[in-house]
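Peer 1: One structure, pasted below without further comment.
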Amino acid sequence: MHACMSTKQGSWKYFMTSLCGYTSDHLVVHIWEDILGFENCEFYIKRWPKLDGMRFEDVLINFPDAVPCGIKVASYGGKIILNPDDCYVLQEGDEVIVIAEDDDTYAPAPLPKVKEAFYIDIVHPQRKPQKILLFVDGDGM
């Protein structure tokens with residue numbers, strides 16, 4: 001069984017390296033493996049009717065135990081949009097794509113309350129043109 005597991009893991013590493021464009025950066029391979037593998041967090045797509053009419057920027061802070069990263073748009077035949085505009089408004093039938101630990105470990109929560117405060121207008125002085133002198137040594141470095 002251990003030999004089969006090693007072959008499976010070796011194939012997975014080969015796939016991840018191929019996905020990353022044969023990169024020599026093993027960190028990139030590990031990041032993709034964490035995102036797309038079956039250990040750690042995974043992608044989930046689910047319909048949340050109570051989010052209909054909500055802007056995506058509010059959806060982002062509505063899941064304390066997950067990271068919303070896209071929308072499966074019902075009106076476009078299920079087209080998936082990753083990182084939609086903050087102003088995108090969820091429509092009836094849209095599904096939210098999240099990264100979460102498991103499908104039963106996350107749910108939308110009430111929007112956090114923001115304490116009202118006074119707006120302070122900070123005045124930035126106008127920048128003046130600058131003259132910069134650049135020295136290059138004989139080696140071009």
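Peer 1: Restricting attention to the stretch 108-138, and to residues there that are over 32 Å from the mean Cα position of the chain (by Cα) and among the β-branched types (Val, Ile, Thr), which single residue is least open to solvent (accessible area, probe 1.4 Å)?
Peer 2: Val136
Peer 1: Let me ask another. Six or more apart or on different chains, Cβ under 9 Å: which pairs go from a residue in the stretch 64-78 that's surrounded by 12 or more Cβ atoms within 10 Å (Cβ to Cβ) to one that's hydroxyl-bearing (Ser, Thr, Tyr)? Could you list them?
Peer 2: From residues that are surrounded by 12 or more Cβ atoms within 10 Å (Cβ to Cβ), the pairs are Asp65/Thr105; Asp65/Tyr106; Ala66/Tyr44; Ala66/Thr105; Ala66/Tyr106; Ile71/Tyr88; Val73/Tyr88.
Peer 1: I've got another one for you. So if I check each of Ile99, Ile132, which one is among the β-branched types (Val, Ile, Thr), within 28 Å of Cys41 (Cα to Cα) and out of contact with any Ser or Thr (no Cβ under 8 Å at 6 or more places or on another chain)?
Peer 2: Working: Ile132 fails: within 28 Å of Cys41 (Cα to Cα).
Among Ile99, Ile132, only Ile99 is among the β-branched types (Val, Ile, Thr), within 28 Å of Cys41 (Cα to Cα) and out of contact with any Ser or Thr (no Cβ under 8 Å at 6 or more places or on another chain).
The values are calculated or read from the model by the stated rules, or taken from the named source; none is laboratory data. Quick caveat: nothing in here was measured; it's all calculated off a predicted structure. Note: ideal-geometry Cβ built from the backbone for every residue, glycine included; neighbour counts use all protein chains shown. Keep in mind that these areas ignore ligands, DNA and RNA; they rest on the heavy atoms of the full protein, side chains included. Shrake-Rupley method; radii C 1.70, N 1.55, O 1.52, S 1.80 Å.
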